[in-house]
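Everything on this sheet refers to the single structure shown next.
Read-outs: derived from the displayed coordinates by stated rules, not from any lab. Because the structure is predicted, anything quoted here is derived from the model rather than measured. Ideal geometry is used to build each Cβ from the backbone, glycine not excepted, and the neighbour counts take in all protein chains shown.
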Amino acid sequence: MPENEDNKAEFFTPPNTLKEKVGGGGIPEDKIQKSQAFINNNQIDYEPYAREYLTNVQGALKLAEGSRSEESLMDYMEEMTSNIMQLKASGAMFGYPAISRVADIVLNFVERAELINKDLYKIVHAHNICLDMVLIKKLKGPNNPEIDILVNELYDAITRYQEKYKS
């Protein structure tokens, strides 16, 4: 079949309206370096913030345990999850990677749990005790044998829960 110039496909590039609104390029390197320097050198005492999140988790946990309606139970679980998420997101940023690590484990567990019961509450309560210990002992840094033991115990508890309830 002879090649015909009229049969060639023509490509159109649609306008990128979002790029037109906000502009191109990324964040300037100097701003990234300033932000990273602030994070590395911050003198903010993270403990009061972490304690507030833990208090919120514990409060939502108690309310969930006493909840009589499915709707309010879901609200309390969402409140609990939101605060665990905050701990996960902010722990490492403020020098407590152990907090982020422990919170991540429990957050994944709670988000995937199909059954909300007293055993789930016990695991979340154990999470709170672990994080309280991290704060009391000021366990900073990424490698800590005490944290490894706590993390393994949490994993074991979650595994037992999943085997018991087939979730």
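Set against the 2.2 N^0.38 Å expectation for a compact globular protein, segment 74-167 has a Cα radius of gyration ratio of 1.05. Here mean projected area of the Cα convex hull in nm² was computed from the coordinates, and among (i) 12.0; (ii) 19.2; (iii) 13.5 the match is (ii).
Applying 1/(1 + (r/R0)^6) with r as the Cβ-Cβ distance of LYS62 and ALA89 and R0 = 41 angstrom yields a FRET efficiency of 0.95. Please state the relative contact order of the chain as a whole percent: Cα pairs under 8 Å, 6+ residues apart? Reported as a whole number, the value is 19 percent. Entry note, the chain: the mean residue ellipticity at 222 nm calculated from DSSP H runs of n ≥ 4, each adding -39500 (n - 2.57), is -23500 deg cm²/dmol after division by the residues and rounding to the nearest 500.
Each part reduced to its alpha carbon centroid, segment 40-112 and segment 120-167 end up 13 Å apart. Structure note, pairs LYS140/LYS166; LYS118/LYS140; LYS62/LYS164; LYS122/LYS166; LYS88/LYS140: Cα-Cα distances above 25 angstrom occur for LYS140/LYS166; LYS118/LYS140. For segment 121-127, 3J(HN,Hα) computed residue by residue from phi via the Karplus equation (6.51, -1.76, 1.60; θ = phi - 60°) reads 4, 5, 5, 5, 5, 4, 4 Hz, glycine and proline entered as x.
When each of the peptides 83-89, 145-151, 39-45 is scored by how many other beta carbons lie within 10 Å of its residues on average, the order from highest to lowest is 83-89, 145-151, 39-45.
Within segment 39-100, none of the chymotrypsin sites (Phe, Trp or Tyr not before Pro) combine a DSSP coil assignment with at most 14 other C-beta atoms in a 10 angstrom radius. In order along segment 25-30, the Karplus-derived 3J(HN,Hα) couplings, from 6.51 cos²θ - 1.76 cosθ + 1.60 at θ = phi - 60°, round to x, x, 7, x, 4, 5 Hz, and Gly and Pro are given as x.
With a simple spin-label model that places each label point 7 Å from the Cα along the Cα-to-Cβ direction, the separation between LYS166 and LEU115 comes to 0.9 nm.
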